[in-house]
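Structure record follows, encoded as structure tokens.
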Amino acid sequence: MTSEVLLMNLEAVVLGADSAVTISDGEAYRVSQSGVEKIFVIDDSGPIAAMIYGGGDFGGLPWRTVFGQFKLQHKPDIGSVKAYAKAVIAGLSDITGLGLTPHTNAEQQSFSAYIRGFLLDYAAGMVKLGWEFARPVNADIATRALNALREDILFEAVDPITATDHTGKTRDPLPRRRIEAGQALTDYIYAHIGTTLSEEMGRIFEGAQYPESLVREVLKLAAESLLLEWLPEHTYGYTTGLVIAGFGAADALPAMVSMEFIGAFGGTLKYRILRSDSPSAASEPVIVETYAQDDLTRAFLTGAMPEYEHHALHATEDILLAVIKEIGGTIGQTNRKLSDELVKTLRPIAQMAPHAGLHVARMERWHRVSSKLGPLLDSANAGILADYAQKFMELPVIEHELMRESSVARPISILSMERGRYQTYRDGAKT
């Protein structure tokens, strides 16, 4: 794995990364190796840099080679950072255009990993509704889980805290953006999706009887998802993160674009944009982003580690739902209609209240941190910002050193950028 940070203010951008990478076949084989480069300058004049996490190579090719070829074939006047991100997506979509040849099975492996992740997301939804692996699949559960997955694929995730406006009306969900795809992807999907879906369903459902009437609907949704900026959650080592940041010739201020992807197939990189932004003097003069194994840095910023939040949320929700069920059962002994209405009304509250409490706690911690740290980062030049990035990176590195875990490791690499120049650091020393 890895751990990384981006710090950006109105005049400087800093990227920081550890040097460990986890090599995995997506299943049982996993090994970590340190000393790996993850930050690459792709435009010296801007400057603009790329930072990767999650994937140690692309189609079997080292990232230094991939970005080296990209840099050779693209003039340093593409324009904005967004334009650079678009050019990188195009280059990774068809790596042969950069004069490189991926390993023979790269395309099919990426496609299989995507379909497997799609089906694992689907299976996880069915488990939440009561299905058990290797047991026959109930048609009602399968249909409800498929509808929930469809909502997740077609629309952006909705924050339960901000799902309603000031009048209490639920906001309309935002449709996901479509990816730029050509006929080659359509042809690839048509040629491979049936066989791949069948093979992966056999692996995941382990021979469990699945409603034949729903197979076509599953196939249609899988095909539709391939054309949207959506990635499955359950990809187990196949997702790579990419951050493009720096000073574009067409940008007044520094900018950044972050994304994740699962390889390329049919001449198209299967990606989703996470954030595309620039600092703003009026609203957000400082941008702080952490990536990959960033539990401790997120805890510093928001007050608790994600795993702790996950367990606290679910435990609180389960307790509230159990109390509501007990109250409903007591009332139901004398008034069934009132009991059903009460449970129906209180259940969404039990699900939303823990999220609301966590949101308030996060905001309190973030306000405390940002009120003290924000002005310091806002006024920092590139060199001082690099010092802060080094400190941010020390948190996950020290955590992994204490736990004797090698998936995040020294040396720490830092790249600081101001318009027209950049400086690299290794474990705090200039290189």
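Looking across the stretch 115-134 at every residue that is touching a residue at least 40 places away in the same chain (Cβ under 8 Å) and not in a helix (DSSP H, G or I), the one that is farthest from residue 207 (Cα to Cα) is identified as 133.
Can you give me the number of residues within the stretch 269-289 that are over 21 Å from residue 156 (Cβ atoms) and not in a loop (DSSP other than H, G, I, E, B)? Summing the residues that are over 21 Å from residue 156 (Cβ atoms) and not in a loop (DSSP other than H, G, I, E, B) in the stretch 269-289 gives 2. Within the stretch 329-348, restricting attention to residues that are open to solvent by 70 Å² or more (accessible area, probe 1.4 Å) and either assigned to a loop (DSSP other than H, G, I, E, B) or in contact (Cβ under 8 Å) with a residue 12 or more places away in the chain (or both), the residue that is farthest from residue 303 (Cα to Cα) is 334.
In this structure, residue 248 does satisfy being open to solvent by less than 20 Å² (accessible area, probe 1.4 Å), assigned to a loop (DSSP other than H, G, I, E, B), more than 20 Å from residue 137 (Cβ to Cβ) and not charged (D, E, K, R). Scanning the stretch 400-410 for residues that are outside any loop (DSSP other than H, G, I, E, B) and either open to solvent by 50 Å² or more (accessible area, probe 1.4 Å) or in contact with a Phe, Trp or Tyr (Cβ under 8 Å, 6 or more places away or on another chain) (or both) gives 401, 402. On the stretch given as the stretch 22-49, residues that are more than 26 Å from residue 85 (Cα to Cα) and either modelled with pLDDT of 95 or more or in contact with a helix residue (DSSP H, G or I) (Cβ under 8 Å, 6 or more places away or on another chain) (or both) total 1.
Residue-wise test of (1) within 30 Å of residue 12 (Cβ to Cβ); (2) open to solvent by 70 Å² or more (accessible area, probe 1.4 Å); (3) touching a strand residue (DSSP E or B) at 6+ places or on another chain (Cβ under 8 Å).
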residue: 317; (1), (2), (3): no, no, no
residue: 324; (1), (2), (3): no, no, no
residue: 327; (1), (2), (3): no, yes, no
residue: 355; (1), (2), (3): no, no, no
residue: 360; (1), (2), (3): no, yes, no
residue: 373; (1), (2), (3): yes, no, no
residue: 412; (1), (2), (3): yes, no, yes
residue: 416; (1), (2), (3): yes, no, yes
residue: 420; (1), (2), (3): yes, no, no
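Scanning the stretch 35-56 for residues that are more than 21 Å from the chain's Cα centre (by Cα), of a type in the set (A, V, I, L, M) and either under 29 Å from residue 266 (Cβ atoms) or part of a strand (DSSP E or B) (or both) yields 41, 42, 48.
Just one of the numbered conditions (1) surrounded by 17 or more Cβ atoms within 10 Å (Cβ to Cβ); (2) of a type outside the set (D, E, K, R); (3) in contact with a helix residue (DSSP H, G or I) (Cβ under 6 Å, 6 or more places away or on another chain) is not true of residue 223: (1). Every condition in (1) over 13 Å from residue 268 (Cα atoms); (2) open to solvent by less than 20 Å² (accessible area, probe 1.4 Å) holds for residue 78 except the one numbered (2).
Return yes or no: is residue 414 outside any loop (DSSP other than H, G, I, E, B), over 17 Å from residue 19 (Cβ atoms) and among the aliphatic types (A, V, I, L, M)? Even if it seems obvious, please write down each step before you answer.
Details: outside any loop (DSSP other than H, G, I, E, B): yes; over 17 Å from residue 19 (Cβ atoms): no; among the aliphatic types (A, V, I, L, M): yes.
For residue 414, the condition - outside any loop (DSSP other than H, G, I, E, B), over 17 Å from residue 19 (Cβ atoms) and among the aliphatic types (A, V, I, L, M) - is not met.
Figure legend. Inter-residue proximity from the stretch 184-213: first residues within 21 Å of residue 142 (Cα to Cα), second residues part of a helix (DSSP H, G or I) and among the charged types (D, E, K, R), beta-carbon distance below 9 Å, spacing 6+ or different chains. Indicated pairs: 196/116; 200/116; 203/116; 204/116. Kindly establish whether residue 351 is under 30 Å from residue 421 (Cβ atoms) and assigned to a helix (DSSP H, G or I). Answer is no for this residue. For the stretch 399-422, the criterion of being under 28 Å from residue 81 (Cα atoms) and without any contact (Cβ under 8 Å) to a residue 60 or more places away in the chain is met by no residue.
Every condition in (1) out of contact with any strand residue (DSSP E or B) (no Cβ under 7 Å at 6 or more places or on another chain); (2) under 24 Å from residue 238 (Cα atoms); (3) touching a residue at least 40 places away in the same chain (Cβ under 8 Å) is met by residue 294 except one, and the failing one is (1).
Of the residues in the stretch 57-64, at least one is at pLDDT below 95, closer than 29 Å to residue 388 by Cα, acidic (Asp, Glu) and not in a helix (DSSP H, G or I).
The values are calculated or read from the model by the stated rules, or taken from the named source; none is laboratory data. Because the structure is a prediction, the values reported are computed rather than measured. Here the Cβ is made from the backbone with ideal geometry for all residues, glycine too, and neighbour counts use every protein chain on show. SASA here: full protein model, heavy atoms, side chains in, ligands and nucleic acids out. Shrake-Rupley method; radii C 1.70, N 1.55, O 1.52, S 1.80 Å.
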